[in-house]
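Everything below concerns the one structure shown next.
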Amino acid sequence: MVSRREIESTARVVANGVPRLRLGANIGDTRADIGVAFRINAHSWLNAVLSLSEQGNGGFPTISARVGNVPLPAFVVKPLLLLAQHFAELRAGVQFPRPQDMILAFDAKSDHVTARLALPRGLLYNVLNLAPENDDAIDGVLVDQIYARMTKRLVASPRMDLATVYAEAFKDAPKR
């Protein structure tokens with residue numbers, strides 16, 4: 001279970017250090033929206049929202065989107081997500097599991113989201129391979145050290161809450 005506050009904090013952490021990117025999240029009674037704004041140039045932003053809506057059976061959510069003011073229903077989003085996954089796999093040099101194989105259950109309430117996930121070992125490390133090679137904002141050695149430290153902590157304390165994970169992961173981060 002992840003609270004609204006934890007989702008908002010995650011968005012800030014993910015977007016931290018990426019000046020052209022803004023993230024936000026909104027939780028409703030049956031759905032969670034993840035908003036992204038990407039600065040194209042000094043005067044223009046591309047806005048998109050990905051919506052996960054719970055199913056009656058509590059399984060894999062229906063995923064729809066909006067780009068700017070253009071709504072994209074689930075039947076349009078599904079092949080676009082598969083295409084994005086294909087390009088991510090080409091870039092990372094690994095095969096990622098399908099979202100419906102990782103998100104086993106999804107439930108949204110007004111103040112939290114609950115999801116049952118089946119994340120394979122090494123997924124985070126493979127996702128890190130998507131980062132640009134010339135991106136000075138990402139210190140690969142430091143990321144490896146933090147990942148190893150966090151893996152040890154999570155194995156020792158598997159029920160650690162998200163706030164504690166963030167605090168531990170970023171305890172040595174420079175303050176701005």
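Entry note: the range 74-117 has Rg to Rh equal to 1.09, where both radii use alpha-carbon atoms and Rh is the Kirkwood radius. Taken about its Cα centre, the chain carries a charge dipole of about 180 debye when Lys and Arg each add +1 at the Cβ and Asp and Glu each add -1 at the Cβ. Size of the chain from its Cα atoms: along the principal axes, largest to smallest, the extents are 42, 41, 33 Å. Legend: ranking of residues 76, 2, 141 from fewest to most surrounding C-beta atoms inside 10 Å; resulting order 141, 76, 2.
At R0 = 25 Å, how high is the FRET efficiency between residue 117 and residue 46 if r is their beta carbon distance? Nearest 0.05 is fine. With R0 = 25 Å, the Cβ-Cβ based efficiency is 0.30.
Once you divide the Cα radius of gyration of the range 1-93 by 2.2 N^0.38 Å, the number left is 1.18. Here the 3J(HN,Hα) profile of the range 77-86, calculated from phi with Karplus coefficients 6.51, -1.76 and 1.60 at θ = phi - 60°, is 5, 3, x, 5, 5, 5, 5, 4, 5, 4 Hz, Gly and Pro shown as x. Between residue 39 and residue 170, residue separation times 0.36 nm minus the direct Cα-Cα distance comes to 44.6 nm.
No lab work stands behind these numbers, since they all come straight from the coordinates. The structure presented is a predicted model; accordingly, all values stated were derived computationally and were not measured. Virtual Cβ from ideal backbone geometry, glycine too; neighbours counted across all protein chains shown.
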